Amino acid sequence: MADRAELAAFLRARREALQPEDVGLPRGRRRRTGGLRREDVAALCDMSVDYYSRIEQPRGPNPSEQMLAALARGLHLALEERDHLFQLAGYATPRRVRRGDHINPGMMRILDRLEDTPAQVVNHLGETLRQTRMAVALLGDETAFTGLARSLHYRWFTDPVTRLTHPSGDHSAHSRLLVADLYGAYARDGGDSRTAELVDALHTASPEFAALWSEHPVLGPYCAPKRFQHPQLGRLELHCQTLVDPDQAQRLLVFTAVPGSKSHERLQLLSALGG
């Protein structure tokens, strides 16, 4: 059974403990009290202010698991705090085994400070969990996909449009890189996992994937610069710096260009394109 009073108190306490700069928001000159406002939390969680306010008061319907997951992300909850949130709402604790959807608060804090840089958090299946607006301008909104298409690995081998992001001459190398990445995840997760389900689906959908998989590819220690083909800016050569969170099997990808290069100049134009 849900404990609405405790749920409301818990959310209120976490909201008041966070400062705007903790979640990438400007403090503003008129802000007199510490902590986040309700409207701040609602914006971070992609829900209406009225809906969030009713949870905190408490009144209205019990939040769904999807809404609770959004609250956990927006409030930067640690795993233990997320589990407690679900229990207060009357739900079972979400599975932790390589699910990879809950972003570690530390990684979220880093991402929030990269608003002027293309950066995103992806999990071990190649599913993009969160992007900066600059990453959306560079790559498109990769969080909008559902089902198997959430995985870049799946889209790359099943949807030709996905390959337009990279020059055609790089497709072969990129295919091998993605298969090697998934091969490593499969080796860690085993045959009874979401990774195995994705691998099975790709074997059925893509002969190219099946052929590369049979070669047992392994990722090397060095990730070379990648070339991107942007529809408005043209070609960019970018370095991808990676921060790995071993506990969550997630990576924070940060895309940069060599200062003074044409790619660097073009990267600066992303913001002007409305990303």
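How many residues, within the range 222-260, are more than 30 Å from D189 (Cβ to Cβ) and surrounded by 13 or more Cβ atoms within 10 Å (Cβ to Cβ)? Count: 9.
Okay, residues lined up against (1) assigned by TED's automatic domain parsing to the domain that holds D116; (2) over 14 Å from M108 (Cβ atoms); (3) surrounded by fewer than 19 Cβ atoms within 10 Å (Cβ to Cβ):
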site	(1), (2), (3)
R12	no, yes, yes
R15	no, yes, no
E39	no, yes, yes
A43	no, yes, yes
M47	no, yes, yes
D50	no, yes, yes
R59	no, yes, yes
S64	no, yes, yes
L71	no, no, no
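What number of residues in the range 239-271 are without any contact (Cβ under 8 Å) to a residue 60 or more places away in the chain and outside any loop (DSSP other than H, G, I, E, B)? Walk me through how you get there before you give the answer.
To start, the set of residues in the range 239-271 that are without any contact (Cβ under 8 Å) to a residue 60 or more places away in the chain comprises 239-242, 244, 246, 257-266, 268-269.
Filter once more, so that each one left must be outside any loop (DSSP other than H, G, I, E, B): 239-242, 244, 262-266, 268.
Residues in the range 239-271 being without any contact (Cβ under 8 Å) to a residue 60 or more places away in the chain and outside any loop (DSSP other than H, G, I, E, B): 11 in total.
If the condition is being modelled with pLDDT under 90 and within 18 Å of A9 (Cβ to Cβ), then the range 58-71 contributes P58, R59, G60, N62.
Scanning the range 172-214 for residues that are over 16 Å from D159 (Cα atoms), among the hydroxyl-bearing types (S, T, Y) and in contact (Cβ under 8 Å) with a residue 12 or more places away in the chain yields a total of 4.
Per the listing L253, L202, the residue uniquely touching a helix residue (DSSP H, G or I) at 6+ places or on another chain (Cβ under 7 Å) and not acidic (D, E) is L202.
Against the definition (assigned to a helix (DSSP H, G or I) and more than 28 Å from D245 (Cα to Cα)), how does A5 come out, yes or no? The answer is yes for A5. For D116, work out the one condition from (1) buried (at least 17 other Cβ atoms within 10 Å of the Cβ); (2) touching a residue at least 40 places away in the same chain (Cβ under 8 Å) it doesn't fulfil. Here D116 meets the rest and fails (1).
One line per residue, one yes/no per condition, for (1) among the polar types (S, T, N, Q); (2) modelled with pLDDT under 90:
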position: R12; (1), (2): no, no
position: P20; (1), (2): no, yes
position: V23; (1), (2): no, yes
position: G34; (1), (2): no, yes
position: D40; (1), (2): no, no
position: C45; (1), (2): no, no
position: D50; (1), (2): no, no
position: S53; (1), (2): yes, no
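So in the range 78-103, with the set limited to residues that are surrounded by 15 or more Cβ atoms within 10 Å (Cβ to Cβ), out of contact with any helix residue (DSSP H, G or I) (no Cβ under 8 Å at 6 or more places or on another chain) and at pLDDT 75 or above, which one is nearest to V122 (Cα to Cα)? Selected residue: L79.
The values are calculated or read from the model by the stated rules, or taken from the named source; none is laboratory data. This structure is a prediction, so every number in the text was calculated from the model and none was measured. Here the Cβ is made from the backbone with ideal geometry for all residues, glycine too, and neighbour counts use every protein chain on show.
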